[in-house]
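The structure under discussion appears below in the form of structure tokens.
A short reminder: the numbers here are calculations on the coordinates, not readings from a lab. A quick note: this is a predicted structure, and the numbers were derived from the prediction, not measured. A quick note on method: Cβ atoms are made from the backbone with ideal geometry, for glycine too, and the neighbour counts reach across all protein chains shown.
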Amino acid sequence: MNYPRPIRKKTKKSRLVTLILLFVFVGLAVFSGKVGEVSKNILNSVALPFWEAKVSTADRSSYLGALFRSRISQADEIKRLKEELLLAQLNLKGLEFIAEENRNLKTLLNREDLQDTVSASVLARPPQIPYDTFIIDIGKRHGLAGGEKVFFENVLIGVVEEVFNKNSKVRILSSSGVETGAFIERVNLPVVAVGRGGGNFEINLPQESEVEIGDFLVVPGSPQKLLGQIEEIEQTQAGAFKRVLLRFPINLSEIRWVAVEMLADN
């Protein structure tokens with residue numbers, strides 16, 4: 001009596017199941033690989049613009065930062081150069097002042113007609129002090145006593161009024177009400193010039209006096225010194241006199257050095 005062999009059927013079924021599982025596994029592996037690749041491509045496409053934007057923003061920020069730092073550095077350099085230029089200009093101006101003072105001092109010292117004088121620096125002038133006055137840097141310790149005449153070049157400008165130990169006050173001859181004897185050089189006409197303030201004078205002359213604008217007023221002495229120059233002549237038909245206006249032939253505000261004539265007993 002013969003019986004079927006169940007073991008062989010079972011073996012065939014096992015092989016079939018194994019093949020099916022292997023096919024499914026391979027299919028899933030292939031399919032999952034494609035899905036993963038597609039997913040990666042999609043993610044890469046989505047993320048790429050953000051990555052590029054991030055890199056661009058970082059580059060732009062770096063460029064702007066460098067540009068900002070460069071401009072700050074340039075501004076600091078310009079500021080430093082301006083400060084150095086200003087300092088150089090101030091130093092140059094100081095040297096110009098020194099050179100001008102040296103020229104003025106040499107002129108005063110070399111003048112033959114001012115050999116009996118002492119040079120002095122003007123320390124103060126209007127508006128620092130009352131008008132028509134100077135403060136000079138010499139006083140009693142230098143031999144001044146008061147009453148000395150003060151010159152600039154060949155122009156008589158004032159008289160020492162008050163003397164202190166190290167400095168003195170000079171009264172300018174154009175001070176209001178101050179009278180100075182002089183004469184008009186061209187016609188040799190003696191006059192009395194009266195100060196009107198601010199470097200100005202006036203004189204009253206007979207209508208027939210032959211004076212002209214531009215004539216010089218000089219003070220007696222050896223040699224003679226200038227006092228003023230006629231700028232205006234006011235004539236009236238009714239009056240017997242005419243008013244003549246004069247002023248210093250120099251600018252008092254620009255004077256830095258003067259010569260003080262020492263008195264004989266100093």
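Only counting other Cβ atoms within 10 Å, I'd like 117, 236 sorted with the fewest neighbours first. The partial results should precede the final answer.
On the way: 117 19, 236 10.
In order of increasing Cβ crowding within 10 Å: 236, 117.
Skipping prolines and chain starts, which residues have an amide H placed within reach, meaning under 5 Å, of the one on residue 124, given they are 5 or more residues away or on another chain?
For residue 124, the qualifying residues are 135.
Taking amide hydrogens as modeled 1.01 Å from N in the peptide plane, which residues meet the under 5 Å criterion relative to residue 158, leaving out close sequence neighbours?
When sequence neighbours closer than 5 places are left aside, the close amide H contacts are 150, 173.
Sort 161-167, 118-124 for me by packing, meaning the mean count of neighbouring Cβ atoms within 10 Å per residue, highest on top. It would help to have the intermediate numbers written out before the result.
Numbers: 161-167: 14.7, 118-124: 17.6.
In descending order of packing, they fall as 118-124, 161-167.
Just add up the charged neighbours of residue 230: K/R +1, D/E -1, any other residue whose Cβ is under 13 Å from the Cβ of residue 230. Show your work: numbers first, answer last.
Details: positive: 186, 242, 243, 247; negative: 185, 202, 210, 212, 215, 231, 232, 234.
With Lys, Arg at +1 and Asp, Glu at -1, the neighbours total -4.
List every residue whose amide H lies under 5 Å from the amide H of residue 178, counting only residues 5 or more places away in sequence or on a different chain, with H placed 1.01 Å from N in the peptide plane.
The answer is 195.
For every other residue with a beta carbon closer than 9 angstrom to the beta carbon of residue 261, add +1 if it is Lys or Arg and -1 if Asp or Glu, then tell me the sum. Can you show the working numbers first?
Values: positive: 149; negative: 116, 148.
After counting each charged neighbour, the total is -1.
Using θ = phi - 60° and the Karplus curve 6.51 cos²θ - 1.76 cosθ + 1.60, what whole-Hz ³J(HN,Hα) does each residue of region 178-191 get, with Gly and Pro shown as x?
6, 9, 9, x, 7, 8, 7, 4, 4, 10, 6, 9, x, 9
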